[in-house]
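A.B. asks: For reference, the structure I am asking about is given below.
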Amino acid sequence: MIRFASTDCRRETGNIKWDLQGPLPFGIADMDIESPPCVVDALQQRLNHRFYGYAFMTDELREAIVTYLKDKHGVANAAPEWLHALPGCVPAFTLVARTVCTRPEHEVLVCSPSYPPMLHCHEDARCSLLTVPYVYRHDRWGFDWEAMEAAVSPNTKLFLLCNPHNPLGRSWSREEMEQVADFCVRHDLILCSDEIHCDLVLDEDLRHQCALTLPENVLERVVMLSAPSKTFNIAGICFTYMAVPNAELREAIRKTQGHSLPTLNVFAYAASLAAYTQGWEWHAQLLQTLRRNRQTVVDFIAKELPMLRTRHQEATYLAWIDCSALGVESPHKFFLEKAGVYLDNGANFGDAQCVRLNFATSPELLMLGLNAMKQAVLEHLT
């Protein structure tokens, strides 16, 4: 059963969303939904053990992830040795960039708009960033292959892909993933695919296309990142895994990491094992909840806020809203100041006229936020 959190229980808990993002927060990708009971029980059981020493990713957890990859995403040849545990996807971007881009002129290619840490990992890696905008064609966002071919150079070493895409909400098709693969092979690029939203495909006729299912000649250049954090609402647990089929690349990444990142704690491993082995009934209910909330956002904007624009969102619980018709310099600032509604600033993703709305919350709170936005817009236009 899906249980929504009350606003009172989330405030004053050191939570970024509820303690730092205004009276009505719809920002950071943190669901206002209780984590699955199986995860809570596993954490309580581990807490009761009373010993919290250094931990590692056990064979049991490795096998659970391998089984999940095979059963849920069709990665038939997934192997436990591919996996490497990390405290998050964000440091993983930098880690891969540091491994692959070894000179200042080496480039990380990112299509924009995109998840902000992707647009900044080159800074920590002390290399360069190459951005190419996505294009909207045939009623969907997609890659601008002509622009990408024109932009790429021998200095380009790494392609960072968000799959499914945050914030555009695309679930890339098999054809698109094969085009990405061909592009990376022809230009000798490492493909780092962030698939943290892979279990949040909302269109029931679509299936996530995992980079690990690409042809064998492509797998040698694939680094896939994922985690149970978005799927099971346990982002604060801080467990991510990197799947790297190429043993040499995997070892190079580990060598680059050295002692630069912390080891994971016992609770991260306990929660992740419970989620992957026991959390799927809860997950099915979650998807139904998110589909209803997605439709609420689409219907409300179409009827009550027609000057705003959304595109069809295939995946994630993060709606990307074009506010350019409002005629304000910063829609993020406008809605925060005039409505008390915190929406993620599109400028951080690469488009200052957009905002990102997290609709993984209760229907009541969602409507409260949408109505506050409507009132602010009406006052602005009169």
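The values are calculated or read from the model by the stated rules, or taken from the named source; none is laboratory data. Since this is a predicted model, take the numbers as computed values, not measurements. FYI the Cβ positions are ideal-geometry reconstructions off the backbone, even for glycines, and counts take in every protein chain you see.
A.B. asks: Residues in region 10-39 that are free of Cβ contacts under 8 Å to residues at least 60 places away in the same chain and either more than 23 Å from the chain's Cα centre (by Cα) or not in a helix (DSSP H, G or I) (or both): how many?
C.D. replies: 5
A.B. asks: Conditions: (1) assigned by TED's automatic domain parsing to the domain that holds Val201; (2) of a type outside the set (D, E, K, R); (3) exposed (fewer than 14 other Cβ atoms within 10 Å of the Cβ); (4) touching a residue at least 24 places away in the same chain (Cβ under 8 Å). Gln45 meets all but one. Number of the miss?
C.D. replies: Just one mismatch for Gln45, condition (1).
A.B. asks: Please enumerate the residues belonging to region 51-93 that are surrounded by 18 or more Cβ atoms within 10 Å (Cβ to Cβ), in contact with a helix residue (DSSP H, G or I) (Cβ under 6 Å, 6 or more places away or on another chain) and not in a helix (DSSP H, G or I).
C.D. replies: Listed by number, the residues that qualify are Val75, Ala78, Leu83, Leu86.
A.B. asks: Is there a residue in region 358-370 that is hydroxyl-bearing (Ser, Thr, Tyr), touching a helix residue (DSSP H, G or I) at 6+ places or on another chain (Cβ under 8 Å), in contact (Cβ under 8 Å) with a residue 12 or more places away in the chain and surrounded by 20 or more Cβ atoms within 10 Å (Cβ to Cβ)?
C.D. replies: yes
A.B. asks: Take the residues in region 166-203 that are touching a residue at least 60 places away in the same chain (Cβ under 8 Å) and of a type in the set (Asp, Glu); name whichever of them is nearest to Arg311 (Cα to Cα).
C.D. replies: Asp203
Yes or no, residue by residue, for (1) in contact with a Lys or Arg (Cβ under 6 Å, 6 or more places away or on another chain); (2) outside the structural domain of Phe359 (by TED's automatic domain parsing); (3) without any contact (Cβ under 8 Å) to a residue 24 or more places away in the chain:
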position: Glu248; (1), (2), (3): no, yes, yes
position: Ala252; (1), (2), (3): no, yes, no
position: Asn265; (1), (2), (3): no, yes, no
position: Ala268; (1), (2), (3): no, yes, no
position: Leu287; (1), (2), (3): no, no, no
position: Arg291; (1), (2), (3): no, no, no
position: Gln295; (1), (2), (3): no, no, yes
position: Arg309; (1), (2), (3): no, no, yes
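Residue-wise test of (1) of a type in the set (Ser, Thr, Tyr); (2) more than 23 Å from Trp18 (Cβ to Cβ); (3) not assigned by TED's automatic domain parsing to the domain that holds Arg140.
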| site | (1), (2), (3) |
| --- | --- |
| Tyr317 | yes, no, yes |
| Ser324 | yes, yes, yes |
| Lys333 | no, no, yes |
| Gly340 | no, no, yes |
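A.B. asks: For Ile33, state whether it is β-branched (Val, Ile, Thr) and either surrounded by fewer than 18 Cβ atoms within 10 Å (Cβ to Cβ) or farther than 25 Å from Glu281 by Cβ (or both).
C.D. replies: no
A.B. asks: Among residues belonging to region 324-357 that are without any contact (Cβ under 8 Å) to a residue 40 or more places away in the chain and in contact with a strand residue (DSSP E or B) (Cβ under 6 Å, 6 or more places away or on another chain), point out the one that is nearest to Leu168 (Cα to Cα).
C.D. replies: The extreme case among them is Val355.
A.B. asks: Taking Leu206 as meeting all but one of (1) buried (at least 20 other Cβ atoms within 10 Å of the Cβ); (2) among the hydrophobic types (A, V, I, L, M, F, W, C); (3) assigned to a loop (DSSP other than H, G, I, E, B), write down the number of the exception.
C.D. replies: For Leu206, the exception is condition (1).
A.B. asks: Out of Val90, Val40, which single residue is among the aliphatic types (A, V, I, L, M) and in contact with an Asp or Glu (Cβ under 9 Å, 6 or more places away or on another chain)?
C.D. replies: The match here is Val40.
A.B. asks: Then there's this: Which of the residues belonging to region 244-262 are touching a His at 6+ places or on another chain (Cβ under 8 Å) and of a type in the set (A, V, I, L, M, F, W, C)?
C.D. replies: Result: Val244, Ile253.
A.B. asks: Among the residues that make up region 324-331, is at least one of them crowded, with 23+ Cβ neighbours inside 10 Å, assigned to a loop (DSSP other than H, G, I, E, B) and hydrophobic (A, V, I, L, M, F, W, C)?
C.D. replies: no
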